[in-house]
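Report on the structure given below.
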């Protein structure tokens, strides 16, 4: 029971943060929850809990979803997702995780520096300028297939194309709903989503619900610059967690 309560505390904190920004709960919660519950159980539980939160915002903030950007992001991530799901089952992903962490760390530090210098947000990407970012989205799909947490790479694109915080959160939550539905379906097809997984998930759902309420209150009170600071601060923390754990 102590493992469940500690996991619940982690779930509450990380899902509150995702309720504010629209990403981050999986990658931040994963190191702690898998240490408490075991890797296989922890990954499946966190994937389902993240799906519940994302589904809630996808439904409740349906009108805020930028469907054009949703379809662009989803298309390119789906190109990479099967590759990541294959790599998850066949190769050691530790080196890939380390490279990704350093990349995210460098980007987040640069963006936080820009915000600290009060520099203006970069304009929305147009035409050819978006092509390198599409490659990031494909890589994000690969990462999501391996770690169930491709958000950091997606945010690098979404922060340029979705500069209004409500659209940013709603669109990303619709994306996670889609991708995690695919992952959860594979759990059922493989027969790995067992009764113990369902029971553990059920015990942690209340912590997600409280996190949603807390996150909503915070989201409504922050301005655009503070929201950007939170987003790239989350990316920075994500990189640190990936390097440490």
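Mind listing the Cα extents of segment 101-197 along all three principal axes, in Å, largest one first?
The principal-axis extents, from largest down, are 52, 27, 25 Å.
Would you mind getting me the FRET efficiency between residue 63 and residue 117? Use the beta-carbon distance for r and R0 = 41 Å, nearest 0.05.
The computed FRET efficiency comes out at 0.75.
Roughly speaking, what is the centre-to-centre gap between segment 143-183 and segment 1-64 when only Cα atoms are used, to the nearest Å?
Taking the Cα centre of each part, segment 143-183 and segment 1-64 sit 14 Å apart.
Give me Rg/Rg_expected for the chain, where Rg uses Cα atoms only and Rg_expected = 2.2 N^0.38 Å with N residues.
Rounded to two decimals, the normalised Rg is 0.95.
Using Cα springs under 10 Å in a Gaussian network model of the chain, which residue among 112, 36, 131 shows the largest mean-square fluctuation?
131
When 167, 61, 199 are ordered from fewest to most other Cβ atoms inside 10 Å of their Cβ, what list results?
Least to most surrounded, the residues fall as 199, 61, 167.
Quick one: plug the Kirkwood hydrodynamic radius of segment 199-245 (C-alpha pairs) into Stokes-Einstein at 10 °C, 1.306 mPa s, and report D in µm²/s.
124
Given a Förster distance of 30 angstrom, what is the FRET efficiency for residue 244 paired with residue 86, based on the Cβ-Cβ distance and rounded to 0.05?
0.65
Given Cα pairs under 8 Å that are at least 6 residues apart, what percent is the relative contact order of the chain?
Answer for the chain is 41 percent.
Looking only at segment 168-200, which residues have a backbone nitrogen under 14 Å from a spot 7 Å from the Cα of residue 40 in the C-beta direction?
From segment 168-200, the list is 187-188, 190-198.
What list do you get for 2, 159, 108 if you sort them by fewest beta carbons within 10 Å?
2, 159, 108
Over the Cα atoms of segment 142-223, what radius of gyration and what Dmax do you get, in Å?
15.5, 45
Per 0.36 nm of contour for each residue apart, how much would the distance between residue 194 and residue 220 grow if the chain were fully extended, relative to their Cα-Cα spacing?
Gain on extension, residue 194 to residue 220, equals 5.6 nm.
Among 102, 157, rank each residue by its count of other Cβ atoms within 10 Å, from fewest to most, as a rough exposure measure.
102, 157
At 222 nm, what helix-only mean residue ellipticity would the chain give, in deg cm²/dmol to the nearest 500, using -39500 (n - 2.57) for each DSSP H run of four or more?
Helices in the chain give a 222 nm mean residue ellipticity of -28500 deg cm²/dmol.
For residue 127 and residue 71, what is the calculated FRET efficiency with R₀ set at 25 Å and r taken between the beta-carbons, to the nearest 0.05?
Efficiency, from the Cβ-Cβ distance: 0.90.
Read-outs: derived from the displayed coordinates by stated rules, not from any lab. Given the structure is predicted, the values throughout are model-derived calculations rather than measurements. Note that each Cβ is placed from the backbone with ideal geometry, even for glycine, and that neighbours are counted across all protein chains shown.
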